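See structure below.
Throughout, read-outs are computed from the coordinates displayed, never taken from laboratory work. These figures come from a predicted structure and were not determined experimentally. Glycine gets a Cβ as well: all are built from the backbone with ideal geometry, and neighbour counts include every protein chain shown.
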Amino acid sequence: MRLSNKILIGLVLGVIAGLVLGAENVGFAKKWIAPIGTLFINLIKMIIVPLVLSSLVVGAASLGDIRKVGRIGGKTIVFYLMTTAVAVAIGIILSVVLNPGSGLSIPVNAAIKAKAAPSIMQVIIGVVPTNPFQAMLQGNMLQIIVFALFVGIGITMVGERAKPVADFFDGFAEVTYKIVGFIMELAPYGVFALILPVVAANGPKVLIPLAKVIFAVYLGCVLHVAITYGGILSVIGRVKLFDFLRGIFPAQMIAFSTCSSSGTLPVTMKCAQENLGVSKEVSSFVLPLGATINMDGTALYQGVCALFVAQVYGIDLSVGQMLMIVLTGTLASIGTAGVPGAGFIMLTMVLQSVGLPLEGSALIAGIDRVLDMARTTVNITGDAVASIFIQHTEDKYADQEKSKAVSA
Ligand code: ASP
């Protein structure tokens, strides 16, 4: 049986078992089932830092020349920013149309205090690690990425003398991919154990009061995938949306159940290379970068939630304020780590930017996990679309260079 089928079965069985166990058996689920999920997550976490470091060093170094790094890097970042901004806008529009906050009066749980989010400037400054080893110890992905890019570019510029370093990272990356293969064999059990306690604790009932927000976020995610990604893919014309979704499905399952783009990265890379026709060269550059800075689902969620908070507190937002949400939502999603719940913390930064009450985010807290599942799935789907786009433009570029060489 294919691994993706096994993972799906694990997920479905986990949901059913969670519903059967119900809230009264949450203690049992937390004590005996949840640790298996934690073990699986730990295995994945174990490999993230080595994987991102080695694959990005190899990715940047294998681009061959510094102009290529600049070209691919530039395209990737512009693509990421634009799709993310579209995602926030979709979130805002849906919230305006569906008006999830209307007629809703939920007592704010004072116990859940919003954590302070870093300011935009802090996010920008924090990108450069003062100590790369500390960044690795703390698992600060953005800083690791910056360091890895420097190392990769350095290898390229040094040339021959840096070959042992390049070979080391190359071999090291292969070893991490192999380890990922082992870990993935355990995914069906991991997914089962992760989803079960969430369903048992929340049950179907608890979700009803905030069902509209959930509906808005999920609908937004579907629209973003169908319209934005579907549109981009049909313009590129390499893969049909349906085939694309089939190819990326295993990664989506992992994203949905782990709520972590970084954790899903190994699988996203595997799917892109094996099912979507993206080269190792492009995927090992575009995807680790995307797992850390490209979060369309998170941005969309921030759009929906900011408007929802405004509606609940009866605050009318101007168009200017909505544009501000698009801007900060985009930046916040870049600064969001690819780990569960990170987007929720960054939501406070968005609320703050337009003067919305931060306590509003407490309303979201209870359902955040359910929203996280959808947004993380969209996050990694967007990365995969970007990898196809970059592959396509690079292939075209190579063709042009070839025909130039022929005619010269
Ligand atoms: N969990 C999301 C991710 O890893 C980030 C977020 O919380 O929005 O992609």
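Tabulated data for the structure shown
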quantity: With Cα atoms, 0 to 90° folded angle of helix 163-185 axis to the chain main axis; calculated: 40 degrees
quantity: Cα-based reach from Lys404 at 26 Å (exclusive), listing lysines while leaving out same-chain residues under 8 positions away; calculated: Lys68, Lys75, Lys280, Lys396
quantity: Sequence-separation-based contact order of the chain, relative, with Cα cut under 8 Å and 6+ spacing, percent; calculated: 30 percent
quantity: Where only alpha carbons of the chain are counted, the Rg and the Dmax (Å); calculated: 21.3, 76
quantity: Estimated [θ] at 222 nm from DSSP helical runs (n ≥ 4, -39500 (n - 2.57)) normalised by residues in the chain, nearest 500; calculated: -25500 deg cm²/dmol
quantity: The range 347-408 pair-distance distribution - Cα-Cα, 10 Å bins, rounded %; calculated: 18, 22, 21, 16, 12, 9, 2
quantity: Rg to Rh quotient for the range 173-239, alpha carbon positions, Kirkwood Rh; calculated: 1.17
quantity: Rounded D (µm²/s) - the range 1-73, Kirkwood Rh over Cα pairs, Stokes-Einstein at 37 °C, 0.692 mPa s; calculated: 205 µm²/s
quantity: Nearest 10 degrees, 0 to 90: helix 319-335 Cα axis against the chain principal axis; calculated: 60 degrees
quantity: Cα-based equivalent ellipsoid of the range 291-408: semi-axis lengths in Å, sorted from largest, via gyration tensor; calculated: 38, 16, 10
quantity: Among Met322, Leu219, Gly10 the positive-end extreme of the charge dipole of the chain (Cβ point charges); calculated: Gly10
quantity: Dipole magnitude of the chain about its Cα centre (Cβ charges: Lys, Arg +1; Asp, Glu -1), debye to nearest 20; calculated: 240 debye
quantity: Of Ile367, Ile125, Ile72, the one that fluctuates the most in a GNM where the chain has Cα springs shorter than 10 Å; calculated: Ile125
quantity: Acute angle (nearest 10 degrees) that the helix 368-407 long axis makes with the longest principal axis of the chain, alpha-carbon atoms; calculated: 20 degrees
quantity: Efficiency of FRET between Thr38 and Glu185 - r from beta-carbon atoms, R0 22 angstrom, step 0.05; calculated: 0.80
quantity: Quarter of the Cα convex hull surface for the range 232-277, i.e. its orientation-mean projected area (nm²); calculated: 3.2 nm²
quantity: Dipole in debye (nearest 20) - the range 261-408, about Cα centre, beta carbon charges: Lys, Arg +1; Asp, Glu -1; calculated: 140 debye
quantity: Ranked by how many other beta carbons lie within 10 Å on average, peptides 178-187, 225-234 from highest; calculated: 225-234, 178-187
quantity: Karplus-derived 3J(HN,Hα), 6.51/-1.76/1.60, for each residue of the range 238-251, Hz, glycine and proline x; calculated: 8, 10, 6, 3, 4, 5, 4, 5, 5, x, 8, 3, x, 5
quantity: Among 91-101, 12-22, 298-308, 147-157, the order from most to least packed when residues are scored by Cβ within 10 Å on average; calculated: 298-308, 91-101, 147-157, 12-22
quantity: Total charge dipole magnitude, the range 1-68, about the Cα centre, Cβ charges on Lys, Arg, Asp, Glu only, Debye to nearest 20; calculated: 120 debye
quantity: Most mobile listed residue (Val267, Val213, Val354) in the chain, GNM with C-alpha springs under 10 Å; calculated: Val354
quantity: Ratio Rg/Rh, restricted to the range 220-330 and using Cα atoms, in which Rh is the Kirkwood radius; calculated: 1.05
quantity: Packing-based order for 316-327, 42-53, using average beta carbon neighbours within 10 Å, highest first; calculated: 42-53, 316-327
quantity: Highest-fluctuation residue, Leu56, Leu39, Leu287 considered, GNM on the chain with Cα pairs under 10 Å; calculated: Leu39
